[in-house]
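Just below is one structure, and these are the notes that go with it.
The values are calculated or read from the model by the stated rules, or taken from the named source; none is laboratory data. Note that the coordinates shown come from a computational prediction; the quantities given were computed from them, not determined experimentally. Neighbour counts run over all protein chains shown; Cβ positions are idealised from the backbone, glycine included. Surface accessibility is based on the protein's heavy atoms, side chains included, excluding ligands, DNA and RNA. Shrake-Rupley method; radii C 1.70, N 1.55, O 1.52, S 1.80 Å.
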Amino acid sequence: MSTIYERLSTVIIEGNEEKVPKLVQKGLDEGLVPKDILDKGLIVGMNEVGARFKRGDMFVPEVLMSAKSMQAGLEVLRPHLIASGAKLIGKIVMGTVKGDLHDICKNLVGMMCEGAGFELIDLGFNVEPEKFVEAIKEYQPDIVGMSALLTTTMRAMGYTIKAIEEAGLRDKVKIMVGGAPVDAEFAERIGADGYGSNAPSGAELAKRLVGAA
Amino acid sequence: MRTNYRVNSGVRFQMLSKDQLQELFEGVLHVLEYTGLDVHHDEARDILKKAGAWVDGLRVRIPSYLIKRSLEMAPRSFTVFARDGNPKHDIHIGPGRAHFGPGPTCPNFIDVETLERRPYVKDDVPIVAKMVDALPNIDFCESLGTVSDVHHELGATYEFAGMFPNTSKPIVAWSYSWDDSADIHKIAVAEAGGQEAFEKRPNYIHYCEPLSPLVSTFEAMDKLVFAARHRVPLIFTPCPLAGGTGPVTAAGMIIQAAAESWMGLTVAQAIQPGLPFIMGGVLSVLDMNSMILAYGAPELSLMMAGITELAHYVGLPVWQTGGCTDSKTLDEQAAIEGSLSCFFSALTAGDLCHDVGYTESAMTGSVFQLAMMDEAIGYSRRITRGIEVNEDTLAVDVIRNVGPNGHYLYEKHTHRYYKTEFWYPNLCDRRNFEEWSEMGRMTMRDRVVARVQDILASHQPSPIKPETEKVIREVLEAAEDRVKEEA
């Protein structure tokens, strides 16, 4: 007989949006520690999803279903986590930069980060540099994530980082960037802390940036 | 419900018009009726005479009614079965179905360890058969070589004995003569469970090759008679060289090759009415600079498309050609020539496309070329599968659900189709630069070599019956005794 933790990882890998919250509830009913349900069940499953994706054994739509089922589980778990005083591995503020109306990629990275155990504050798309600055002040995140799909808008990432520097907040946060035209060299040039080439690697990067990987 | 609704399933390709095909057809009938062929086989000439052909010394001319009757008797559709009963390895020959496999008899082979060219040896046979068995887009097996390290009359016997246990995909068996044809047949029949069981579920195809221009050699006819008597599906495929052993023009080549092939058809149907018969042959140009038969020439694909259309016009399956190259190594030329001929062959739905894995103008067999072409065939097959149009694939409701500025990645519709609507490569690289770089910056050639070595290290073909293993040992011993006695 497999444990609830093992079954949770399995249904996360399967991307079963219905079973995950039910199993989380069952775990809570049986008196399991909320943080254990997260760490030993949900996150173990998501880690395996990331590994399989990297090997080419899972496809993006499957990864997304896993992330979505992870979110459904977190819906149930979150109040108990907060009540028990457990901390998530970190907080991320994320947005598509000014001038760019595309947000699929950013949404995917966001989901994967939530799946990895982060708290996510999504600023949406076409986000002005000042908005990022305000959000850092308000939410005090560990990480700021920026995305752009167009070569014409990727420069706005640089301007945003500059605005964060000018506000004296640069050393308060790690900055990660991504999106189709972005690469590691560009990320370094504009002074970001890291670059993710796809959604799962974005989540991996986030974990590394907070020292959780 | 739809009414008077026409569906085009897959991509359609048609080169010659009905009028042109009829003209080619009549050209073949004319050659057979008025010029005829030399048939170097007494019994075959007797059979032809009895059937209604005119025999004058070696020369045999066939009246057109007899050709038409023979065409009528040969089936357009039939099945060649996997020896182990695995339905995925059966080959259903019929309209719109293209199958692929290697060719026979190259003198050299690219060594799978050293990647160097050297003579083809007995131990290469299981390697080729295993690769065929594992590669998803390769459907039938030939050996890619002539075994050089056994008695010169036993190459084909050892070849079949090496292929049969290492793939359950149907084998196209090449041989020298009656004796080794009989060796091969004994092995296949043992696995099938007797001659009668074999006739119900044939597990290999017999391959014979007449000589161009217009000669049915003794060996080709003798092998044909053997196959027809034992009801083995038959390929009868000439290999004329345009401008050398065939007319320089494509239309003339098609006519001559068809005439050469249909001489075999007539004999085969006279012996065994309804015998599955696959017409050839390999049509390409004699390169007037290098004097080679060009296996990477565009005219090969073009002439093969022409003879495929003629074959289908008269209701016969065809022995197509593709996936081959004149290049000496696994390079860009090999990829261009091989891929384009695979794609063109797939478009024509030529029934059995062989010579996949030929390099150096058929002088060297290569499982690396074979593995690279497996990818090209998969790619081609995705295109020829076409676009399916129905209520569900139109996706009008899904488009409404998602609306402006949404995305389709969560849609059940996406999940239902993304694995079947899209083709996923095994060898072509689609990673971004960083990941490609991290994975060692492998080129296509590197990835092909890795895939071949991976398959050879891990693939396990389904085994043959223990009694067939015994029969193989007996057949090889008897064959060795036979050549000793002859000496």
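Cross-link pairs exceeding 31 Å between alpha carbons, from the set A:LYS19/A:LYS207; B:LYS130/B:LYS470; B:LYS68/B:LYS122; A:LYS22/B:LYS419; B:LYS88/B:LYS122; B:LYS200/B:LYS419: B:LYS68/B:LYS122; B:LYS200/B:LYS419. Extent along the principal axes, Cα only, for region A:4-83: 37, 20, 18 Å, with the longest axis given first. For region B:334-410, the solvent-accessible area with a 1.4 angstrom probe is 40 square angstrom per residue.
The shape of region B:203-339 can be summarised by an equivalent ellipsoid whose semi-axes, obtained from the alpha carbon gyration tensor, come to 27, 16, 14 Å from longest to shortest.
Note on the protein assembly as shown: with neighbouring protein chains present and a 1.4 Å probe, carbon and sulfur make up 53 percent of its accessible heavy-atom surface. For chain B, the membrane-span-like helices by this rule, meaning whole DSSP H stretches whose C-alpha atoms cover at least 27 Å of axis and whose Kyte-Doolittle mean is 1.0 or above, are B:250-271; this says nothing about an actual membrane. Note on region A:4-83: with charges restricted to the Cβ of Lys and Arg (+1) and Asp and Glu (-1), its dipole about the Cα centre is near 140 debye.
Burial annotation for region A:92-108: residues with an accessible-area loss of at least 40 Å² between the isolated chain and the complete set of protein chains, computed on heavy atoms with a 1.4 Å probe, are A:ILE104.
Its relative contact order, with pairs defined as Cα atoms under 8 Å and 6+ residues apart, puts chain B at 18 percent.
The long axis of helix A:104-115 is offset from the longest Cα principal axis of chain A by roughly 40 degrees. By the Kirkwood approach, averaging reciprocal distances over each pair of separate Cα atoms, region A:90-209 gets a hydrodynamic radius of 13.5 Å.
Working from Cα positions, state the angle (0 to 90°, nearest 10) between the long axis of helix A:19-29 and the longest principal axis of chain A. The angle comes out at about 60 degrees.
Within region A:104-143, find all residues whose amide N lies under 11 Å from a label point positioned 7 Å from the Cα of A:ALA167 along Cα-to-beta-carbon. Flagged as within label range: A:128-141.
On a per residue basis, region A:4-83 carries 47 Å² of accessible surface, using protein heavy atoms and a 1.4 Å probe.
Report the one residue of B:VAL80, B:LEU154, B:ASN166 whose Cα lies farthest in the direction of the positive end of the charge dipole of the protein assembly as shown (charges on C-beta: Lys and Arg +1, Asp and Glu -1; origin at the Cα centre). Projecting each Cα onto the dipole axis, the largest value belongs to B:VAL80.
Placing R0 at 25 angstrom, the Cβ-Cβ distance between B:LYS50 and B:TYR313 gives a FRET efficiency of 0.30 after rounding to 0.05.
Taking region B:333-348 and a reference point 7 angstrom along Cα→Cβ of B:GLN20, the backbone N atoms nearer than 19 Å belong to B:341, B:344-348. Antiparallel beta bridges, as assigned by DSSP with both residues in region B:78-385, represent about 30 percent of the total such bridges.
Rounded to the nearest 0.05, what FRET efficiency do B:ASP397 and A:GLU30 have when you use their Cβ-Cβ distance and R0 = 60 Å?
Once the sixth-power term is evaluated, E becomes 0.90.
Once the Cα-Cα distance is subtracted from the 0.36 nm per residue extended length, the B:ILE383 to B:ASP331 segment shows a gain of 16.3 nm. Please give the helix A:199-209 orientation as an angle from the longest Cα principal axis of chain A, in degrees from 0 to 90, rounded to the nearest 10. Between the helix axis and the principal axis of chain A, the angle is about 80 degrees.
The alpha carbon convex hull volume per residue for chain A rounds to 112 Å³.
Taking the inverse of the average 1/r across all pairs of different Cα atoms in the protein assembly as shown, what Kirkwood radius in Å do you get?
Values: mean 1/r = 0.0342 Å⁻¹.
For the protein assembly as shown, inverting the mean 1/r across all distinct Cα pairs yields 29.3 Å.
Charge dipole of chain B (Cα centre as origin; +1 on each Lys and Arg Cβ, -1 on each Asp and Glu Cβ, all else neutral): 1680 debye, rounded to the nearest 20. Once the C-beta distance of A:ILE82 and A:ARG208 is scaled by a Förster radius of 22 Å, the resulting FRET efficiency is 0.30 to the nearest 0.05. Of the chymotrypsin sites (Phe, Trp or Tyr not before Pro) found in region B:340-424, those that fall in a DSSP loop while having at most 11 other beta-carbon atoms within 10 Å are B:PHE422. The slack in the chain from B:SER148 to B:ASP123, taken as 0.36 nm per residue of separation less the alpha-carbon distance, amounts to 8.0 nm. Please return the longest stretch of chain A lacking exposed loop sites, where GluC sites (Glu not before Pro) count only if DSSP places them in a loop and at most 14 other Cβ atoms lie within 10 Å. Result for the longest clean stretch: A:31-213. With distances taken between every two different alpha-carbon atoms, chain B has a Kirkwood hydrodynamic radius of 23.6 Å.
Averaged per residue, region B:180-311 has 28 square angstrom of accessible surface, using a 1.4 angstrom probe with ligands and nucleic acids left out. Considering only B:VAL189, B:ASN137, B:PRO107, the residue lying farthest towards the positive end of the dipole of the protein assembly as shown is B:ASN137, judged by Cα position with unit charges set on Cβ. Each principal axis of the Cα cloud of region B:13-151 was evaluated for its coordinate range; sorted largest first, these ranges are 54, 39, 32 Å.
Chains B and A together bury roughly 1300 Å² of accessible area, counting both sides, with a 1.4 Å probe on protein heavy atoms only.
Accessible area drop of at least 50 Å² (1.4 Å probe, protein heavy atoms): which residues of region B:383-431 qualify, relative to the chain alone? Listed by number, the residues meeting the 50 Å² cut-off are B:ASN405, B:HIS407, B:LEU409, B:TYR410, B:HIS415, B:TYR418. Among the chymotrypsin sites (Phe, Trp or Tyr not before Pro) found in region B:1-59, those both in a DSSP coil and sparsely packed, with 14 or fewer other Cβ atoms within 10 Å of their Cβ, are B:TYR5, B:PHE13.
For region A:57-161, trypsin sites (Lys or Arg not before Pro) meeting the loop criterion (DSSP other than H, G, I, E, B) and having at most 14 other Cβ atoms within 10 Å: A:LYS87. Length gained on full extension, B:HIS459 to B:ARG59: 138.9 nm, using 0.36 nm per residue less the C-alpha separation.
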